[in-house]
Amino acid sequence: MLLKYLHPFLQRQQLDYRIVVVEQAWNHVFNKGRIMNIAFDEVLKMEKYDCFIYHDVDLIPESDLNLYTCGSQPRHLSPAIDQMRYVLMYKRLVGGVLALSRTHNVQVNGYSNLYWGWGAEDDDMSSRIFDAGMLIKRPPNHIGRYKMMSHKKREAAHNRMDLLVKWRRWRNDGLNTLKGLNYSILFTKEERLYTNITVDIGLPHLSNTLKGHENIAAIRWNWV
């Protein structure tokens with residue numbers, strides 16, 4: 001559904017782009033940070049892209065004026081979502097659609113790998129951005145508008161607040177610890193409209209295991 005809207009959207013902006021859908025295999029506990037970090041690492045093996053757009057699969061942009069490009073600072077492109085009354089819920093929010101350059105990704109050490117289940121991984125990213133000396137830029141609300149498609153809600157991570165208060169570990173939790181994780185790329189397939197990467201991200205420690213999570217695909221837009 002999302003690709004139906006985003007291909008014409010990106011073409012109208014006359015962008016040189018590549019869509020990569022990164023899907024977590026099996027019905028295991030969801031970990032957005034690991035998916036994003038693995039995706040960043042794998043995509044750079046394809047080509048040295050300079051701009052990465054981390055995109056939730058349930059958000060559809062409403063305005064062509066919302067440019068899917070990177071800038072000198074990280075850009076939160078989705079400040080106004082219909083289910084949130086088109087209002088930015090809090091100033092440090094970066095969830096939904098986030099544009100980071102390749103340099104930004106390295107500066108913040110990617111996402112945390114520790115959040116199993118839904119919640120707080122985006123707030124952790126926000127803290128990384130500010131602590132790395134950067135700012136969060138946004139389009140005005142009348143441009144950064146999105147419709148949220150209906151979807152099954154994921155179970156929240158029970159330890160997310162404990163992890164979030166210890167966010168200062170970020171220099172030792174992220175891209176630079178990816179190689180030590182127990183994950184494997186199951187396959188990479190070039191589809192007609194996108195590249196699909198399916199990954200087994202491993203399992204959390206037994207004490208952190210949550211059950212009942214659905215599979216989810218993380219979409220990234222990449223272009224030079």
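Within the accessible area of segment 121-167, the carbon and sulfur atoms contribute 55%, probe 1.4 Å, all protein chains present. Taking only protein heavy atoms and a 1.4 Å probe, the accessible area of segment 19-61 is 49% carbon and sulfur. By DSSP, the beta bridges lying fully in the chain are antiparallel in about 75 percent of cases. The mean accessible area for residues of the chain, using a 1.4 Å probe and ignoring ligands and nucleic acids, is 49 Å² per residue. Measure out, as a whole number of angstrom, how far apart the alpha-carbon centroids of segment 133-205 and segment 31-102 sit. A separation of 10 Å, based on Cα centres.
For the residues THR188, THR198, THR69, a GNM of the chain with alpha-carbon springs under 10 Å puts the largest fluctuation on THR188. Remark: the ASN27-THR177 segment gains 51.6 nm on full extension, using 0.36 nm per residue and subtracting the alpha carbon distance.
Pairs with C-alpha atoms separated by more than 24 Å, drawn from the list LYS4/LYS147; LYS45/LYS189; LYS4/LYS189; LYS45/LYS91, are LYS45/LYS91.
The values are calculated or read from the model by the stated rules, or taken from the named source; none is laboratory data. Owing to the predicted nature of the structure, the values given are computational and were not obtained by experimental measurement. Just so you know, the surface numbers come from the protein's heavy atoms only, side chains and all, with ligands and any DNA or RNA stripped out. Shrake-Rupley method; radii C 1.70, N 1.55, O 1.52, S 1.80 Å.
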